[in-house]
Amino acid sequence: MPPERLLLLIEDDDAFARTLGRSLERRGYRVLHATRLEEVVSVLASHHPGHAVVDLKLNGEASGLACVQHLHRHDPDMLIVVLTGFASIATAVEAVKLGACQYLAKPSNTDDIEAAFAQVAGNPAVELSRRTTSIKTLEWERIHQTLVETGFNISETARRLGMHRRTLARKLEKQPIK
């Protein structure tokens, strides 16, 4: 199979990985699956995928961002799409800086992923929002950024943000991370 149709799916939710993998296989991809960075290293030792779909939040020590960085170092031409249930501007910027070509928020389907692979060049004609960012949105993005930095440790995140742990827990209950 040509490398451009070989895809590495990095996802720790087995049910979601099976569903997405089958959908991608129906579209002609040969899908390899990994759940953490160590498995990615092992897969890349014997395969050369041209595409990757990376979940941002992985169980274990390394986040999806570390996987993106490793994939990009392995092959700078690989098309990498980050797929996440808790999108934020901070993680989107980091993902692109580390080598991702696109960043998609869940729920996204196979059509969205294929469209992301097809649209790797920037679009200067994209419509700019006329709405300014609200304080709540800025706060939520800062919370997400700090959660990522602390490995999703609630107590440490609250300490770094200068708020009580219960206050942060209440905010997260109102808008849970998926």
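No lab work stands behind these numbers, since they all come straight from the coordinates. Given the structure is predicted, the values throughout are model-derived calculations rather than measurements. Glycine gets a Cβ as well: all are built from the backbone with ideal geometry, and neighbour counts include every protein chain shown.
Assorted remarks:
- If you run the Gaussian network model on the chain, springs between alpha carbon atoms under 10 Å, then out of 87, 105, 115 the most flexible one is 115.
- Folded to 0 to 90 degrees: helix 14-26 orientation relative to the chain principal axis, Cα: 40 degrees
- With K and R counted +1 and D and E -1, the other residues having a Cβ less than 13 Å from that of residue 72 yield a net charge of -1.
- Residues considered: 151, 21, 162. Largest GNM mean-square fluctuation over the chain, using C-alpha springs under 10 Å, is found at 162.
- Relative to the longest principal axis of the Cα atoms of the chain, helix 165-174 runs at roughly 60 degrees.
- Above-threshold pairs, the threshold being 22 Å between Cα atoms, out of 136/171; 97/174; 97/171: 97/174; 97/171
- In terms of its Cα atoms, the chain spans 53, 39, 28 Å along the principal axes, sorted from long to short.
- Under 13 Å, Cβ to Cβ, from residue 165 - net charge with Lys/Arg +1 and Asp/Glu -1: +3
- Put a plus charge on the Cβ of each Lys and Arg, a minus charge on the Cβ of each Asp and Glu, and nothing anywhere else: the dipole of region 3-118 about its Cα centre is then about 160 debye.
- Cleavage-rule hits, GluC sites (Glu not before Pro), region 7-82, DSSP coil, Cβ neighbours within 10 Å at most 10: 61
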